[in-house]
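The values are calculated or read from the model by the stated rules, or taken from the named source; none is laboratory data. Just so we're clear, the structure is a prediction, and the values are computed from it rather than from any experiment. Note that we place each Cβ from the backbone using ideal geometry, even for glycine, and neighbour counts take in every protein chain shown.
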């Protein structure tokens, strides 16, 4: 069962979603990652499958305390999600899950707006924002669904932010309006996010000797 309520602070953004390609690569917005304590990101083994999606590869960001994984729908190579892991800022693990997730989601949106309005000429309408309670997930998930429109195309962008201490988990996906099936895709993304959060755990780094 899922419960939801409206997420505070909805704003209109200008967004550029990631481009998909035959190899795992991320050419869209990356954004800032918060400074946080050392965690054993390098030791994390991503799930090989999450819902209907299978692991395709990892995007490399050597200058950031972040790992990002690409997952592809087994039945549709154009249906992809990207999952990023990065440390919680100091003290955030002491917050309630909903407060931490909602607060960071707002920061992520603002960062997207500030960075992407400088380089894109598209407009984005917020279609829906909410806090989800996914069965089996320890903490809530903040979710935003956006419609991005330019002169000759329209697409949907999904942004989800979750917390699994000591890291944030950020899930992004985009798809063309022409493909339809928005509700089905959104349900698949939620199921994949739930599966990712249920599998594996990132541990704090071992103290240096």
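A few comments on the model shown:
Yes/no matrix, rows are residues, columns are (1) within 10 Å of the chain's Cα centre (by Cα); (2) closer than 23 Å to residue 191 by Cβ; (3) assigned to a loop (DSSP other than H, G, I, E, B):
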residue	(1), (2), (3)
131	no, yes, no
139	no, yes, yes
143	yes, yes, no
147	no, yes, no
162	yes, yes, no
168	yes, yes, no
172	yes, yes, no
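- Number of positions in the stretch 90-107 that are in contact with a strand residue (DSSP E or B) (Cβ under 9 Å, 6 or more places away or on another chain) and assigned to a loop (DSSP other than H, G, I, E, B): 1
- Picking from residues in the stretch 130-157 that are surrounded by 22 or more Cβ atoms within 10 Å (Cβ to Cβ) and modelled with pLDDT of 90 or more, the one that is farthest from residue 102 (Cα to Cα) is 144.
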